[in-house]
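For reference, the structure discussed in these notes is given below.
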Amino acid sequence: MAGAGPMSTLTIDGATLAHTATGSGETVVLLHCSASAGSQWRALAGQLQDRFHVIAPDLYGYGASDPWHGCGPFSLAAEAESVAALIARCAGPVHLVGHSYGGAVALRLALDQPARLHSLTLIEPVAFHLLRDAPDPDRALLEEIRTLAAAVSDAAMSGDYWRGMARFVDYWSGPGSWVRLPEERRTALCRGIAKVALDFRAIFAEATPLAACRRIRVPTLVLRGGRSPATTRRIAELLAATLPAARLGTIADAGHMLPLSHREEVNRAILEHLMRHAVPVLPAAA
């Protein structure tokens, strides 16, 4: 299938991490949301592969990748390090794209290794820790998402996976979204609840303040949906106002899962951003 690319693996501290790679040229790394996998980006990879080398990893515990290896507490930095290990194999800086949890990982990687990035695209990154420094109304949003995280964690611990993932899916995609999913999809989502809970833990354990994001000076596109939960709409707004080279885009009728629900608009915006900041391809010598 176009855009899928062959599956390769990388081993970090005994854990095997899977990723696909396709195309050639400057490297674009695509990071998926929680409870998903690199295959989320198949259509976009197909559009980019004629101009870019596209890598789409399965983050720890998702897709074909192993769970977190357990060598110490899990963190956004640890997830980012696994992506950095992939990037280290690439020649030159890369373009980094992240959605939701993948956006939070991308943000952390941009802070840790800014010299390795050529551009950044953040699609509603769930960097909830940034709300700690926000005005009082935004702290209410932080408590809202803490309540969701607690429900998912409790469900993972008690074994009531369907209840926890129903809360998770309906929060991000709207009430009733869970019951409309095919049963096999609900079952598959439940298998990933432990990692979803771990993702939440990593985000809330992150200590990076919003002001630190001023250090990220690469060209950045921040995308959000007009109908997304207020938590991620506000985070996108804060980041766009803080990152020195950021611009904010809003897809008015989209929700948090906009890379899937509004794939054409999102992929077009990403492609335009990449082409704007790509190194020009020189014509071959006669």
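List of remarks:
- Scanning the range 119-141 for residues that are assigned to a helix (DSSP H, G or I) and free of Cβ contacts under 8 Å to residues at least 24 places away in the same chain yields Asp136, Pro137, Arg139, Ala140.
- Only one of Arg108, Arg167, Arg146 that is basic (Lys, Arg) and either closer than 15 Å to Ala236 by Cα or within 17 Å of the chain's Cα centre (by Cα) (or both): Arg108
- Some residue of the range 243-264 being assigned to a helix (DSSP H, G or I), of a type in the set (S, T, N, Q), surrounded by fewer than 19 Cβ atoms within 10 Å (Cβ to Cβ) and modelled with pLDDT of 95 or more: yes
- Filter result (touching a Gly at 6+ places or on another chain (Cβ under 7 Å) and hydrophobic (A, V, I, L, M, F, W, C)) within the range 1-29: Ala2, Ala18, Ala21
- Qualifying helices (runs of 4 or more DSSP H) (wholly inside the range 172-240; at least 3 residues being of a type outside the set (Asp, Glu) and buried (at least 20 other Cβ atoms within 10 Å of the Cβ)): 193-205
- Hey, Arg201 under 23 Å from Gly70 (Cβ atoms), among the basic types (Lys, Arg) and at pLDDT 95 or above or not: yes
This table checks each residue for (1) closer than 24 Å to Met275 by Cα; (2) among the aromatic types (Phe, Trp, Tyr); (3) under 19 Å from the mean Cα position of the chain (by Cα).
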site: Thr16; (1), (2), (3): no, no, no
site: Cys33; (1), (2), (3): yes, no, yes
site: Arg42; (1), (2), (3): yes, no, yes
site: Leu48; (1), (2), (3): yes, no, yes
site: Gly61; (1), (2), (3): no, no, yes
site: Gly70; (1), (2), (3): no, no, no
site: Phe74; (1), (2), (3): no, yes, yes
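Results for (1) crowded, with 22+ Cβ neighbours inside 10 Å; (2) under 24 Å from Ala211 (Cβ atoms), shown as yes or no for each residue.
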{"position": "Pro67", "(1), (2)": "no, no"}
{"position": "Pro73", "(1), (2)": "no, no"}
{"position": "Glu79", "(1), (2)": "yes, yes"}
{"position": "Arg89", "(1), (2)": "no, no"}
{"position": "Ala106", "(1), (2)": "yes, yes"}
{"position": "Leu109", "(1), (2)": "yes, yes"}
{"position": "Leu120", "(1), (2)": "yes, yes"}
{"position": "Asp133", "(1), (2)": "no, yes"}
{"position": "Asp136", "(1), (2)": "no, yes"}
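- Any chance Gly63 is touching a strand residue (DSSP E or B) at 6+ places or on another chain (Cβ under 9 Å), surrounded by 16 or more Cβ atoms within 10 Å (Cβ to Cβ), in contact (Cβ under 8 Å) with a residue 40 or more places away in the chain and under 19 Å from Val105 (Cα atoms): yes
- Test: residue in the range 252-271 that is closer than 16 Å to Leu96 by Cβ, more than 15 Å from the chain's Cα centre (by Cα) and touching a residue at least 12 places away in the same chain (Cβ under 8 Å): yes
- The single residue among Ala127, Ala151, Ala188, Ala115 that is among the aliphatic types (A, V, I, L, M), in contact with a helix residue (DSSP H, G or I) (Cβ under 6 Å, 6 or more places away or on another chain) and farther than 21 Å from Arg224 by Cα turns out to be Ala151.
- Among (1) at pLDDT below 95; (2) in a helix (DSSP H, G or I) - the single one Pro280 does not satisfy: (2)
- Contact annotation: residue pairs with Cβ atoms under 8 Å, 6 or more positions apart or on different chains, pairing a residue in the range 11-34 that is more than 9 Å from Val54 (Cβ to Cβ) and of a type in the set (D, E, K, R) with a partner that is modelled with pLDDT of 95 or more and assigned to a strand (DSSP E or B), are Glu26/Phe52; Glu26/His53; Glu26/Val94; Glu26/His95; Glu26/His118.
- Residue check, Arg42 farther than 27 Å from Trp172 by Cα, touching a residue at least 24 places away in the same chain (Cβ under 8 Å) and either surrounded by fewer than 18 Cβ atoms within 10 Å (Cβ to Cβ) or of a type outside the set (A, V, I, L, M, F, W, C) (or both): no
- Selection of the range 138-149 for residues being surrounded by 15 or more Cβ atoms within 10 Å (Cβ to Cβ) and hydrophobic (A, V, I, L, M, F, W, C) yields Leu141, Leu142, Ile145, Leu148, Ala149.
The values are calculated or read from the model by the stated rules, or taken from the named source; none is laboratory data. Everything numeric here is computed off the predicted structure, so don't read it as measured data. Backbone-built Cβ (ideal geometry, glycine too); neighbour counts: all protein chains shown.
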